[in-house]
Structure formats: structure tokens, C-alpha cells
1. Those residues that are in contact with a Leu (Cβ under 9 Å, 6 or more places away or on another chain) and surrounded by fewer than 24 Cβ atoms within 10 Å (Cβ to Cβ), I need them from the range B:174-186; list them, please.
2. Failed condition for B:N120, given (1) buried (at least 23 other Cβ atoms within 10 Å of the Cβ); (2) polar (S, T, N, Q); (3) more than 10 Å from chain A (Cβ to nearest Cβ), with all others met?
3. Counting just the residues of the range B:145-162 that are modelled with pLDDT under 95 and either within 8 Å of chain A (Cβ to nearest Cβ) or outside any loop (DSSP other than H, G, I, E, B) (or both), which one comes out nearest to the chain's Cα centre (by Cα)?
4. One residue is enough: does the range B:174-191 have a residue meeting the conditions among the polar types (S, T, N, Q) and in a loop (DSSP other than H, G, I, E, B)?
5. Has the range A:89-110 got any residue that is within 30 Å of A:D182 (Cβ to Cβ), over 23 Å from the mean Cα position of the chain (by Cα) and either facing another protein chain (nearest Cβ under 8 Å) or outside any helix (DSSP H, G or I) (or both)?
6. Only strands (runs of 3 or more DSSP E) wholly contained in the range A:116-229 count here; list those with 2 or more residues that are aromatic (F, W, Y), closer than 26 Å to B:S136 by Cβ and not assigned by TED's automatic domain parsing to the domain that holds A:H32.
7. How do the helices (runs of 4 or more DSSP H) wholly within the range B:57-144 filter down when requiring 2 or more residues that are without any contact (Cβ under 8 Å) to a residue 24 or more places away in the chain: which remain?
Amino acid sequence: MNVQDVAGLRIGSTLPNVPDDREIEPWELHMHCMEPLIWGYSSKSKKDFITPIDIRKKLEEMTPAIAFSEGYWAKHLIVILETMYAAGILTPREIEAALYVKPERIAAQSRAVPAAVTAEEAIRSVKTRWPRPEEAAPARHKVGDVVTVIAMNPVGHTRCPGYVRGKTGTITDDLGPHHLPDARPLSERGRVQHAYTVSFDGVELWGVDGHRNDFFEVDLLDDYLTCKG
Amino acid sequence: MPHPDDKSRPAGLSIDRRGFVAAGAGAGAGALATSPVKAQTSRHSHDDHNHAHDHSHVPSDAALTAMALESVLIGKGIIDPAALAALVEHYGRDVGPHIGAKVVARAWTDPEFCAELLENGTDALWSMGIGGVLTSMIKIVANSPTDHHLVVCTLCSCYPWPVLGLPPSWYKSPEYRSRVAVDPRGVLKEFGIELSDDVKVHVWDSIADQRYMVLPERPAGTEGWSIEQLETIVTRNAMIGTEILAPQSGTAPEVQA
């Protein structure tokens, strides 16, 4: 199962950390910042041992027991360690040893590796506006269309969540060309196609457990949609 | 670079911590039976005593392991400490809800900007010099007496970092992501918001590349306030949609010119 596709599962009886509303911990902030630097090194060094897609895949394939109980960054940490150990970049022994040593001592012995992402590159990467993908296939739908989401149950990544599959809604916005990130190609139309905001009402999605005045505005790509009727 | 938690690093290595390190080596789910994060999220009551004491706590195994990972990667030269410091400063200080608050306060006081913001959020934000990765496409949705908006990403935890900073832990939790997609009114109640059945609730599931931010309603009692004064009352949760800003009574807050 894809344990990241959780919509509607009603996990837990109340929200954690509300009303405590815990802010991000320093170590979580560091994890957030380390992750792109690790990807950058992986790519620049041509070792290609880890990518955001690898991390996403491993997060989706975790067991529910871990996925639904551990914190976000604890899960990322598990995946990063597992991947770096498997690639021979790190060993568990090195991590254990580092638990006893002050970071400054290790930093003092550090040697620059040319493939490490520089501060300038790191800041440029977060401040850059990503270009929209070039139009590659004409839009197959338009605002106002009533559309039904195709049935599917794929192995691997999709951005079509389970809770809207087979359901009917109305397109309220055309978001323009998007990359189709699915692990499996869904059609011959190619990887760049229009995405739309599709509005589903609560009764359509959840029947007697839905609310008539709840609306779920879900961004979906052309390949996921068929015109009703 | 000294780690903010370094002073609390213990001298010994617990079994739990060893288990956590081993988990990454393929020891599997069993090694994680003891939760590496529970220790850190455990609460203690704030009702029964005043807080004069230091709030330091024992860091979790995940925190210690993350710090060790950072040390090792810096030691190997895989991570440049200057690059890490630059990102920590960016995400820890430069971006955050104070950026979104500027946008909201301006929209409340400048109808022309407000119209542009709702029409093309991405360009309106870039006109203020706000943007970057993950707001290459952003839509701003406005709350009103008849429509309440809130934001989620049910497939991961997509969030508009450049305007709101990094998300709170609940936003990324399976509990929020799973429940808001079926019972948004129940989730809102946990945040203290009770909506009448006639109010439409819109849940924006930002699972493609577009990000969302909520423009909260301007609360009563803020007539005549300056943009700077208005910024002080705009909260992160109001811009996610899990808070309705309370009416203000009394005088406007003092802000530095």
C-alpha cells in the first residue's frame, strides 16, 4: 500500500500537538536543510545514490506502523540513513561514533569536497522561481466541465489520490501545463499535460458521511480525468 | 558549526538510540518499536505551575541521530557547513508567517492589490519580492462570511514555504491529512472553530505543483490601523485556514515605524 495516501482514513481520534501547536525543533530544521544538500551532493558527485524521488518512494513503502506513528523528520531520517548505508556513503558505525563527539571537532577535521553544494548554490536554489513546463499537449478539458476520475490502483507513485478515484466533480480552474509525476505512464499523451482544480462535494465523496456544504478542491492532471456522459 | 542542541548531548548511548541507528541499516520495523520521537513530543501540563525553570528537555533519539548524521556529513565534506548555515538562516529566520502577514495586511488595505492577489497570486507575490521554490505557482483564497477555506496536502505535506515558512508538525501529521479530507468541520472544532452548516467549507488539497494560502477576514475593531499594526495580528494558522482572527478591542498595538 501507499501509506502516504491517507485522505479519509481518519487516523487518530484527535490531532497531535493541537492546541500545543509545537513549532519545528532545531534538529528538524537542520534535517529540512540537510536534505537538499545531500541530494545536491549525490547529483554533483555523479554518484546518484539518492534523489527526492527515492525518498518519496521509500516513504510510500513504509509499514503503516511506522508511517502513522513516527514524526515526519524521523521518517525522513530513517530513509536517508538506509539509502546512504546501502550506497556505502556512510556506515552505522560512523553515526554511532559521532554520537560521542562534539560536532565542532568533526567540523574542524572536515575537508571540502568539490561536489558539496556551496552556500551560494543552496540559496539560489530556494529563491529561484521554477519555470512552468512548456505546453506539450492541448488541454483536454475546460473550466465548467463535469469530469469523472478514472479508476486505478497503481504500484508506485501517482498524484491521483484514492479518495477521488471514480468520483465526479466540476473543473473550476485550469492550472496550465504540469509534469505528470506518475511512476507508470497512463497514456500516450506524454509527461507534460494540463492540471485542473476539480471541485468535489462532500456527499459525492463520502455519501451519508459527507456534508452537503463541504467542498474538496483537488488538483488533478488530464490523464486522471474523463468527461462524464 | 555548533548545533543548537549540542549542550544537551548526553555522554552515553542508550539501547533505543542504538536501535534507531541500526534501523537505517536495514534492521527493519522491529528496531523502531520504541519510538524515536515520542520522548520529544511528550507534554507536561502548564496549568499547575508557573514556569520559572528552564524548558530544556532530553533530546529524542531521532534528534541525536540527526545531529550525528550532520556531524558525519560535514566531517566527510559532503555537506559544506556554510551552505547548511545559509539554509538554516533562510528557513529558520528569513521566511515565516511574518512574510504572509505582510501580504495579508496589504490586501486588507489596498483593494487593487487584493484583486491582483486573488487573480494571480504568484505574480502579485513576486511584485512584493516574495517567492521562490514551492511558490512558483500559488493561489490565494479569501475567507468570507459564507465560505471558509483551509489547506492540506493529503499525499505528502506540500506547503507554501516562501510565504509561511516551514509548517507546524500537525500540518504534516497523518492525523490532520487523513481527517481533514473527510471531516473538515470536526478538525476545525479542534482548533476552536465552529461553523454553521450554511457556511461552505473548501478544503484545498495541494497535491500538484500549485500551493495555496488563505486570506483571512479582517477582524472587526481594526478600522484605521496601519499596515504594520495589522501585520501583528495575522497568524500562521489563519493563513492555513485553521484559525479565524478574533475581533480586536482596545487600541491598536504599538509598532516600530
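1. Residues satisfying the conditions are B:P174, B:E175, B:S178, B:V182, B:R185.
2. (1)
3. Of everything passing the filter in the range B:145-162, B:W161 is nearest to the chain's Cα centre (by Cα).
4. The answer is no; no qualifying residue exists.
5. Taking every residue of the range A:89-110 in turn, at least one turns out to be within 30 Å of A:D182 (Cβ to Cβ), over 23 Å from the mean Cα position of the chain (by Cα) and either facing another protein chain (nearest Cβ under 8 Å) or outside any helix (DSSP H, G or I) (or both).
6. Output list reads A:192-201, A:214-221.
7. B:61-75, B:81-89, B:111-119, B:121-127
Results for (1) within 20 Å of A:Y41 (Cβ to Cβ); (2) surrounded by 12 or more Cβ atoms within 10 Å (Cβ to Cβ); (3) in contact with a Cys (Cβ under 8 Å, 6 or more places away or on another chain); (4) modelled with pLDDT of 90 or more, shown as yes or no for each residue.
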{"position": "A:I95", "(1), (2), (3), (4)": "yes, yes, no, yes"}
{"position": "A:A107", "(1), (2), (3), (4)": "yes, yes, no, no"}
{"position": "A:S110", "(1), (2), (3), (4)": "yes, yes, no, no"}
{"position": "A:V113", "(1), (2), (3), (4)": "yes, yes, no, no"}
{"position": "A:A116", "(1), (2), (3), (4)": "yes, yes, no, yes"}
{"position": "A:A119", "(1), (2), (3), (4)": "yes, yes, no, yes"}
{"position": "A:R129", "(1), (2), (3), (4)": "no, yes, no, no"}
{"position": "A:D145", "(1), (2), (3), (4)": "no, yes, yes, yes"}
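The values are calculated or read from the model by the stated rules, or taken from the named source; none is laboratory data. The shown structure was predicted, so the numbers you read here are calculated from the model rather than taken from an experiment. Here the Cβ is made from the backbone with ideal geometry for all residues, glycine too, and neighbour counts use every protein chain on show.
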